[in-house]
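Here is the structure we will look at.
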């Protein structure tokens, strides 16, 4: 039939669809969080319609959890009362919405999931069509279980070979953004494929799809395979693209990649680490919906084990969800972080959006494993934000400056 996106929608609608078609399709799950949820509820109430399906609507407290202002507490109250009124039981306060959706099995291979957050593209790592919608559109989905889509063209990212040591999914995604620019895949689906992608864990694939929205994509997808099906408890969906037509194909030589750094003030201002190594840092943040998963924390813990973070560089670690936190605790990672001098905070979005768990001040430099580095994202508009992998973040926390993990011993 076509690309992964065309296959998914053709199966859902029972007819062949192509890029450029406008369709109305049912969704499997609709999600909103503590910031976007009240707006979606308001839109739903204005329709005067009954609720679509209480079992397939999800609310999540993560952007400001626990509430740090009266206004934030009021947003939580609105959502809690709405869930009681409509018998919605999928109300979670156990970490970042995107990780909780994965932990709770809300996103499945071959499905269609929408969320009132731009990084809802994350779930495409499980081989589903996942995208972010505005709160008003989500409110309509609450009433109908459907929404409209213009089937996007597809950009294919073919990653050939194997990633070198100290290079990870985050580096690959930043390198693609370096090539294509922050708008290089506007309203396109991005298919991540090739030997390097097929060798990745689900956690790493989620990172690729999470960052797809940050170069304009409507969705990011990895074709489901045995790795996906093992994660989905054996659920098998045959979604092999048939004679797909791609708007563009970008070939990446995985073996040639170096650790990548997105340099303030834009995510597409990406450099090899060698060009910015030695830049002093006031803060390192390890977490977010991009890199707060268990494999990310394992990378950081391996580097921080037996070391201390630099006294000049406060280091904040935020597991993506309660499940990730508990697994990290059992594996000993939380103790490693604490003994290294890092602050380990409750699961959630944390410092990523500059609302809680510490904001950065004027003139400060922060290296973050998150996905956005525009001025003001994490606090003061006069701060500088650098984006990197968890391995680079951990090495930089020890050195007090941007550091290649492979070179850490020389500066320890």
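The values are calculated or read from the model by the stated rules, or taken from the named source; none is laboratory data. What you see is a predicted model; the values in this text were computed from it and never measured. Don't worry about glycine lacking a Cβ; one is built from the backbone with ideal geometry, like all the others, and counts go over all protein chains shown.
Each residue in the stretch 132-151 was checked for being in contact (Cβ under 8 Å) with a residue 40 or more places away in the chain and closer than 29 Å to residue 389 by Cα, and 1 pass.
Put simply, of 138, 112, 157 the only residue that is within 23 Å of residue 373 (Cβ to Cβ) and either touching a strand residue (DSSP E or B) at 6+ places or on another chain (Cβ under 7 Å) or not assigned by TED's automatic domain parsing to the domain that holds residue 212 (or both) is 157. For the stretch 206-324, the helices (runs of 4 or more DSSP H) that sit wholly inside it and include 1 or more residues that are surrounded by fewer than 21 Cβ atoms within 10 Å (Cβ to Cβ) and modelled with pLDDT of 95 or more are 294-304.
So that you can scan it fast, the table gives a plain yes or no per residue for (1) assigned to a helix (DSSP H, G or I); (2) modelled with pLDDT under 95:
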residue: 119; (1), (2): yes, no
residue: 122; (1), (2): yes, no
residue: 137; (1), (2): yes, no
residue: 152; (1), (2): no, no
residue: 158; (1), (2): no, no
residue: 165; (1), (2): no, yes
residue: 197; (1), (2): yes, no
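For the stretch 175-190, which residues satisfy the criterion of being assigned to a loop (DSSP other than H, G, I, E, B) and either in contact with a strand residue (DSSP E or B) (Cβ under 7 Å, 6 or more places away or on another chain) or not assigned by TED's automatic domain parsing to the domain that holds residue 151 (or both)? Give the steps one after another, and end with the answer.
Taking the stretch 175-190 as the starting set, the residues that turn out to be assigned to a loop (DSSP other than H, G, I, E, B) are 181-188.
Correct list: 185, 188.
Of all residue pairs spaced 6 or more apart or on separate chains, those with beta-carbon atoms under 7 Å, a first member in the stretch 11-22 that is without any contact (Cβ under 8 Å) to a residue 60 or more places away in the chain and a second member that is part of a helix (DSSP H, G or I) and surrounded by 14 or more Cβ atoms within 10 Å (Cβ to Cβ) are 16/10. Residue 107 falls short of the stated requirement of being in contact with a helix residue (DSSP H, G or I) (Cβ under 8 Å, 6 or more places away or on another chain), farther than 30 Å from residue 153 by Cβ and in a loop (DSSP other than H, G, I, E, B).
For residues in the stretch 1-27 being under 24 Å from the mean Cα position of the chain (by Cα) and surrounded by 19 or more Cβ atoms within 10 Å (Cβ to Cβ), which is farthest from residue 92 (Cα to Cα)? Walk me through how you get there before you give the answer.
So the first thing to find is which residues in the stretch 1-27 are under 24 Å from the mean Cα position of the chain (by Cα), and the list is 3-9, 26-27.
From the residues that got through so far, the ones that are surrounded by 19 or more Cβ atoms within 10 Å (Cβ to Cβ) too are 3-9, 27.
Working: 3: 34, 4: 30, 5: 29, 6: 32, 7: 32, 8: 28, 9: 29, 27: 20 Å.
Applying the filter and picking the extreme gives 3.
To keep it simple, each residue is scored yes or no on (1) under 22 Å from the mean Cα position of the chain (by Cα); (2) surrounded by 20 or more Cβ atoms within 10 Å (Cβ to Cβ); (3) part of a loop (DSSP other than H, G, I, E, B).
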{"residue": "328", "(1), (2), (3)": "yes, yes, no"}
{"residue": "335", "(1), (2), (3)": "no, no, no"}
{"residue": "346", "(1), (2), (3)": "yes, no, yes"}
{"residue": "351", "(1), (2), (3)": "yes, yes, no"}
{"residue": "356", "(1), (2), (3)": "yes, yes, yes"}
{"residue": "373", "(1), (2), (3)": "yes, yes, yes"}
{"residue": "377", "(1), (2), (3)": "yes, yes, yes"}
{"residue": "382", "(1), (2), (3)": "no, no, yes"}
{"residue": "392", "(1), (2), (3)": "yes, yes, no"}
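Only one of the listed residues (39, 47) is surrounded by 13 or more Cβ atoms within 10 Å (Cβ to Cβ), touching a residue at least 12 places away in the same chain (Cβ under 8 Å) and in the same structural domain as residue 218 (by TED's automatic domain parsing). That residue is 39.
Filter the stretch 54-88 for residues that are assigned to a loop (DSSP other than H, G, I, E, B) and either in contact with a strand residue (DSSP E or B) (Cβ under 8 Å, 6 or more places away or on another chain) or surrounded by 12 or more Cβ atoms within 10 Å (Cβ to Cβ) (or both) and give the result. Step through it out loud before you land on a result.
Applying the first criterion (assigned to a loop (DSSP other than H, G, I, E, B)) to the stretch 54-88 yields 61-69, 86-88.
The answer is 61, 62, 63, 64, 65, 66, 67, 68, 86, 88.
Within the stretch 373-393, the residues that satisfy the criterion of being more than 17 Å from residue 271 (Cα to Cα) and in contact with a strand residue (DSSP E or B) (Cβ under 7 Å, 6 or more places away or on another chain) are 377, 378, 379, 380, 383.
Looking only at residues of the stretch 191-205 that are surrounded by 21 or more Cβ atoms within 10 Å (Cβ to Cβ) and either touching a strand residue (DSSP E or B) at 6+ places or on another chain (Cβ under 9 Å) or not assigned by TED's automatic domain parsing to the domain that holds residue 178 (or both), we find that the one that is nearest to residue 117 (Cα to Cα) is 205.
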